[in-house]
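Here is the structure we will look at.
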Amino acid sequence: MTEPNYAVTIGRIISEFGLEELNHVPGAHDILVHTSDINRPGLQLADFYEYFGSDRIQLMGNVEMAYLENLSYDDRCASLLTFFSNEIPCIIIARGKEPFPEMIEIATECGKPLLRTQEETSRFASYLIYYLNVELAPRITKHGVLVEVYGEGVLMLGESGVGKSETALELVKRGHRLVADDVVEIRKVSNKTLVGSSPDIIRHFIEIRGVGILDVKNLYGVGSIKMTEGINLVVNMELWDNKKQYDRLGINDEYTEILGLQISSLTVPVRPGRNLAIIIEVAAMNHRQRKMGYNAAKVLNQRVMREMERNSMNKIEEG
């Protein structure tokens, strides 16, 4: 079930980006950020607060600091006091710029964490927005296995005991990478992208019935695992049903909806003798071909139709 609201603490952001704390605010590390948007407060420092996103992290670069430097001491204090009086989560100064002493003093009095990064403003903004998009993304948990095969994120779904973990282990042996086994956390990081990962407590572990729990990273090395991966293809694995008609051509595209996005999918029937690892590999490569505009099933269908038309014309001519 998708949870509606997520948050990330200022403390986690400080740790993730190695930010320098320029003042001490009690409880600063526990302040919550609920939006992935950030704001550069140029207009606010000039006393324009209409449509101000006060719930956003505030990022200052060369422009903002240069503007403050050109103000008189009294005007600068007045501008900063008005700005810091808003309910903003924190202020980050980019490019390693030195804050004004009064800036640190007013921020501390208003209880606003003042942080600094050595990164360029635009570059840091892009890093921070991407990080917040992932951390605050809508998410859902699926019972399945996520692997990276030839650069494609393949999510294998199916009932317990159908062979998902064994297939993933065989794929790892063939040089592909495991992302998550049994429980896959899926996040919607954009209107087009889903990213899957494993819960921390079971990361890198895989369960094989009859053998037990295996640590894939220790068995096959760090090259056999991956922390996160985009989900490009869903493979629904089910026990072979002789009464069911399975798609043998693959002309029509199938999709599985996850968090409101339609993800390409296919159904793979499972029975003894089928090499599921090879099937998943071929499915991943075929999916890449389709994304590049080549559909083998449609090409074959076109050839068949042309041959039928040719035979029909020959019969007309003979008649």
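Which residue, chosen from LEU80, SER122, GLY27, occupies the Cα position most advanced towards the positive end of the dipole of the stretch 8-135, where the dipole is computed from +1 (Lys, Arg) and -1 (Asp, Glu) charges on Cβ about the Cα centre? Comparing the listed Cα positions along the dipole, SER122 ranks first.
Once the Cα atoms are used to define both axes, helix 121-135 deviates from the longest principal axis of the chain by about 60 degrees.
Ordering VAL211, VAL134 by the number of other Cβ atoms within 10 Å of each residue's own Cβ, fewest first, gives VAL211, VAL134. Here the relative contact order of the stretch 139-294, from alpha carbon pairs under 8 Å that lie six or more residues apart, stands at 25 percent. Short-range pairs are left out: with C-alpha atoms under 8 Å and at least six residues apart, the relative contact order of the chain is 13 percent. In plain terms, the residue of LEU146, LEU194, LEU276 with the fewest other Cβ atoms within 10 Å comes first and the most crowded comes last, giving LEU276, LEU194, LEU146. Applying both filters, DSSP loop and at most 16 other Cβ atoms within 10 Å, to the GluC sites (Glu not before Pro) of the stretch 94-193 gives GLU120, GLU159.
Between the amide H of ALA180 and those of LEU146, distances stay under 5 Å, these residues lying 5 or more places away or on another chain, with hydrogens modeled in the peptide plane. Compared with the dominant Cα axis of the chain, that is its longest principal axis, helix 164-173 is turned about 80°. Farthest towards the positive end of the charge dipole of the stretch 157-281, among the residues GLY260, PRO199, LEU276, is the Cα of LEU276, using unit charges on the Cβ of Lys, Arg, Asp and Glu.
Only bridges whose two residues both fall in the stretch 139-294 count here: according to DSSP, what percent of them are antiparallel, nearest 5? Roughly 75 percent of the DSSP beta bridges within the stretch 139-294 come out antiparallel. About the centre of its Cα atoms, the chain shows a dipole size close to 1860 debye [charges on the beta carbon of Lys, Arg (+1) and Asp, Glu (-1) only; nearest 20 debye]. For the set LYS217/LYS244; LYS173/LYS243; LYS244/LYS291, the pairs lying more than 31 angstrom apart at their alpha carbons are LYS217/LYS244; LYS173/LYS243.
Secondary-structure-derived ellipticity at 222 nm for the chain, considering helices only, amounts to -10500 deg cm²/dmol, per-run term -39500 (n - 2.57) for DSSP H runs with n ≥ 4. With both partners inside the chain, how many of the DSSP beta bridges are antiparallel, as a percent to the nearest 5? So the antiparallel bridges amount to about 65 percent of the total.
The trypsin sites (Lys or Arg not before Pro) of the stretch 140-195 that meet both conditions, a loop assignment by DSSP and at most 16 other Cβ atoms within 10 Å of the site Cβ, are ARG174, LYS192. Helix 73-84 and the longest principal axis of the Cα set of the chain meet at an angle near 40°.
Percent of Cα pairs in the chain per distance bin of 20 Å, from zero to the largest separation: 26, 38, 26, 8, 1, 0. Note on LYS142: lysines with a C-alpha under 21 Å away, same-chain residues under 8 apart excluded, are LYS164, LYS188, LYS192, LYS226.
State whether the stretch 255-299 is rounded, prolate or oblate according to the following rule on the C-alpha gyration tensor (a ≥ b ≥ c being the square roots of its eigenvalues): a/c under 1.5 gives rounded; otherwise a/b larger than b/c gives prolate, and the remaining case gives oblate. Because a/c hits 1.5 or more and a/b fails to exceed b/c, the stretch 255-299 counts as oblate.
By count of other Cβ within 10 Å, fewest leading, how are VAL147, VAL63 ordered?
On the way: VAL147 29, VAL63 12.
So the ranking, lowest neighbour count to highest, is VAL63, VAL147.
Read the figures in this text as sums done on the coordinates, not as results from a lab. These numbers were taken from a predicted model, which means no experiment stands behind them. Don't worry about glycine lacking a Cβ; one is built from the backbone with ideal geometry, like all the others, and counts go over all protein chains shown.
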